[in-house]
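**Q** Here's a structure for you.
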Amino acid sequence: MMTDLVVVGAGLFGLTVAERMARLHGVEVLVIDRRPHVGGNAYSAVEPETGIEVHQYGAHLFHTSNERVWEYVNRFTQFTSYVHRVYSTHRGEVYPLPINLGTINQFFRSALGPEAARALIREQAAELGGRTPRNLDEQGVNLIGRPLYEAFVRDYTAKQWQTDPRELPASIISRLPVRYTYDNRYFSDTYEGLPVDGYTAWLERMADHPKITVRLATDFFDPSQPVSKQAVVGQVPVVYTGPVDRYFDHSEGELSWRTLDFEQEVLDVGDFQGTSVMNYPDADVPYTRIHEFRHFHPERDYPDDRTVIMREFSRFAGRTDEPYYPVNTATDRERLAAYRRLVDEEPGVFFGGRLGTYQYLDMHMAIAAALSTVDNRLGPLFS
Ligand code: FDA
């Protein structure tokens, strides 16, 4: 084997490991991915009719308060000053999210100040009289009161999970943020923005190093290709960022995921919705959100008579679907514990990333985790 380290998965976790190991430790790294592109779920592509950059696996907004991660990502790209804001169309009216003083006053046709609004929500949230919520529906009422919960959360959650919230565990939602100011900035991190020349340019720069070789359209579990599990495990160290249950042939059972379906459309209008993300929380609309990609880059010279939108639908994932969000039921947690025991017994294989650890990770979290893996586990192996 003409390499020192094999990285399975060219997402942000795998690329960060590969880049750091090549640059800091002079290690020859072979990165494989079963998809035909690098970048994992952060990958984007230009829609050919309009030239508009489309995030292929759902909208990706970069944000972090981690100084080390911010310094690291700025080696590969500059970021725009984009600030994310989300709106919600409920019964023909548009409200700002996350729920804030503007949302509350619009919804209740009122002009409450912060303290009066707080008192109102507290009173509405007291409906259960101190009883512990038995399901997600009761939990929602307990957190923000019935009117706001039913308008903005109940049916949206039902669409996300394809399940009545009365049949979902309360633990799915531990908090629902309500802001008693008019601040509707979606993220509250120190740094936020989008890569100036797009995600793909950023991600390809991470892999652009003489000691890094990338092999695309290559599945680790395909025994007919030379970098398969059978061929490399035990021969060279492996960083594996695919699904942990797949690595062990689902021996402890399948971990459950939600997936998303996207419907992309090019429209003959310059601006469809006036903003990048509009939520649709009502039960009679089948999708959960519409993304309009031109609004992620107001600084770009995009056509003024065409636009690209993407409707997002959510459902449970089957084995052949893209796994997006861990469902994390009690059974999942038991199975994950069993897989973790197997992981500990798999010498020379380092499991990481969102699929390898069965965890939702934002991009900055995946990068931070990869940097720690290099510091604590992989770096020492080669020094
Ligand atoms: P990722 O999934 O990106 O990469 C894993 C790679 O492994 C994939 O490319 C896959 O093809 C490959 N692989 C799997 N099995 C393999 C096999 N058998 N052989 C070879 N290759 C294999 N974050 C954020 O900060 N802001 C945001 O706005 C969003 N938005 C967002 C929307 C949606 C819908 C999702 C699902 C996720 C986000 N994220 C996000 C999270 C972001 O996508 C996440 O942090 C990164 O994808 C994590 O990178 P990883 O490398 O861990 O996984």
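**Q** Can you tell me the mean projection area, over all orientations, of the convex hull of region 303-383's alpha carbons? Units nm², please.
**A** 9.3 nm²
**Q** Just the Kirkwood number for region 1-75, please: inverse of mean 1/r across all distinct Cα pairs, in Å, one decimal.
**A** The Cα-based Kirkwood calculation yields 14.2 Å.
**Q** Using mean Cβ contacts within 10 Å as the protection proxy, how do 17-25, 205-213 order, highest first?
**A** 17-25, 205-213
**Q** Have a look at the DSSP beta bridges in the chain and tell me what percent are antiparallel, nearest 5.
**A** 65 percent
**Q** Enter the Cα centre distance for the pair region 288-314 and region 146-169, rounded to the nearest angstrom.
**A** So the two Cα centres are separated by 27 Å.
**Q** Another one. D for region 18-128, whole µm²/s, Stokes-Einstein with Kirkwood Rh over alpha-carbon pairs at 20 °C and 1.002 mPa s: what number?
**A** Approximately 111 µm²/s, per Stokes-Einstein.
**Q** I want the local charge near VAL269. Using Cβ-Cβ distances under 12 Å, sum +1 for each Lys or Arg and -1 for each Asp or Glu among the other residues.
**A** -4
**Q** Report the Rg/Rh value for the chain, based on alpha-carbon coordinates and the Kirkwood definition of Rh.
**A** 0.99
Taken together, the values in this text are just the output of simple stated rules run on the coordinates, not laboratory data. Owing to the predicted nature of the structure, the values given are computational and were not obtained by experimental measurement. Glycine gets a Cβ as well: all are built from the backbone with ideal geometry, and neighbour counts include every protein chain shown.
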